[in-house]
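> Have a look at the structure that comes next, please.
The values are calculated or read from the model by the stated rules, or taken from the named source; none is laboratory data. Note that the coordinates shown come from a computational prediction; the quantities given were computed from them, not determined experimentally. Positions of Cβ are generated from backbone atoms using ideal geometry, with glycine treated the same way; all protein chains shown enter the neighbour counts.
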């Protein structure tokens, strides 16, 4: 949880200042979107390598190395700002995006030694910790500018000093305090159970449920990113102030993370699939609000809060389902693949959302996104039907 707070600080700086720095160094606002795009690509590219490193050396080394690579990215961004190199900036943003991969895989580290009765709750608490860093990070921008000025750095480079230091601290925190390593201990316990001819709980493998988890994570994330990414554009085009835009996105982020423990408890009590369905219902309500009430700032604000809540419910439940439906010896690689698919879906959703916005407007984008929600619900029905058919009477 402490690592998530520190990692969230770095991600908040990247999203809030990276776009401004890209515009400044490129000379065109048309390149501002490259900050979010390359950060996403960095996360997707690092997910499987970090998962493989975890399988070989444990969670501690995997999370620490990822955090230190992100710190290197922050340093590269500072250098790019100092020498005014846009290509170097893009490299730095790609590297700092690795911190997002660490952020995603840390939630799985919380499940390595969990019992089935607490797995979703344990995972959700780590997700919740992201709230502190993600919300607090952008509010440290002015402090970063002041700190950077004392070192003679450009104003927009200063915040990345804080981001880099936060990632370095997170890396050392993982190496020093994440003991015993949860994944290595889980593997040792599984091996001991096999030698004793006892089938450990973690050895269960359920391909149908695993596919459902993949689909739920991917489509829920694509839905959230597609609508969230175009909301600032829509609000500004309709005369909203930048303060209102920032307030709306802040409440959306709070919806994504702040209530995740509630959804974790619900998933442990009532079941993973049930909470995935609940998440889709919340997402559908959100899309109806933003689709049919796109002309009202208050309605859009309410829709964005629900969008975050729906994403939270689906992500917490599907992540827990993915973990327990995969055998322990394959778990880290499968988790890495799911993070790649999740990040890639978000990137595609964000890229296509601009095209859809131009074609049918913000309201139309929201209603079109209902197809993604329907896709998850169809996958749920199919998985449940197949599981029941395969269960002996």
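> Quick check on this structure: which one of 45, 57, 85 is at pLDDT 90 or above, surrounded by fewer than 21 Cβ atoms within 10 Å (Cβ to Cβ) and under 15 Å from the mean Cα position of the chain (by Cα)?
45
> Which of (1) surrounded by fewer than 18 Cβ atoms within 10 Å (Cβ to Cβ); (2) over 16 Å from the mean Cα position of the chain (by Cα) is the odd one out, the single condition residue 275 does not satisfy?
Of everything listed in (1) surrounded by fewer than 18 Cβ atoms within 10 Å (Cβ to Cβ); (2) over 16 Å from the mean Cα position of the chain (by Cα), residue 275 misses just condition (1).
> Which helices (runs of 4 or more DSSP H) sit wholly inside segment 95-160 and have at least 2 residues that are modelled with pLDDT of 90 or more and closer than 30 Å to residue 336 by Cα?
Here the list reads 98-109, 119-136.
> Can I ask one more? Do we find that residue 301 is surrounded by fewer than 24 Cβ atoms within 10 Å (Cβ to Cβ) and outside any helix (DSSP H, G or I) in this structure?
No, not satisfied.
> Then there's this: I need the full set of residues from segment 282-296 which are within 26 Å of the chain's Cα centre (by Cα) and farther than 18 Å from residue 353 by Cα, in order please.
Those that are within 26 Å of the chain's Cα centre (by Cα) and farther than 18 Å from residue 353 by Cα: 282, 285.
For every residue, the table says whether it meets (1) modelled with pLDDT under 90; (2) over 21 Å from residue 212 (Cα atoms); (3) touching a helix residue (DSSP H, G or I) at 6+ places or on another chain (Cβ under 7 Å).
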| residue | (1), (2), (3) |
| --- | --- |
| 239 | yes, yes, no |
| 254 | yes, yes, yes |
| 259 | no, yes, yes |
| 263 | no, no, yes |
| 284 | no, no, yes |
| 299 | no, yes, yes |
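> In addition: Residue 343: crowded, with 24+ Cβ neighbours inside 10 Å and within 23 Å of residue 54 (Cα to Cα), yes or no?
For residue 343, the condition - crowded, with 24+ Cβ neighbours inside 10 Å and within 23 Å of residue 54 (Cα to Cα) - is met.
> Criterion first (in contact with a helix residue (DSSP H, G or I) (Cβ under 6 Å, 6 or more places away or on another chain), outside the structural domain of residue 105 (by TED's automatic domain parsing) and in a helix (DSSP H, G or I)) does residue 355 satisfy it?
Considered against the rule, which asks whether it is in contact with a helix residue (DSSP H, G or I) (Cβ under 6 Å, 6 or more places away or on another chain), outside the structural domain of residue 105 (by TED's automatic domain parsing) and in a helix (DSSP H, G or I), residue 355 comes out as no.
> Enumerate the pairs (first residue in segment 103-123 and within 17 Å of residue 265 (Cα to Cα) and outside the structural domain of residue 339 (by TED's automatic domain parsing); second residue anywhere and modelled with pLDDT of 85 or more and in a loop (DSSP other than H, G, I, E, B)) with beta-carbon separation below 8 Å, excluding pairs fewer than 6 apart on the same chain, so at least 6 apart or on different chains.
119/111; 122/110; 122/111; 122/114; 123/110; 123/111; 123/114
> Among the listed residues 214, 172, identify the single one that is modelled with pLDDT of 90 or more and not assigned by TED's automatic domain parsing to the domain that holds residue 120.
214
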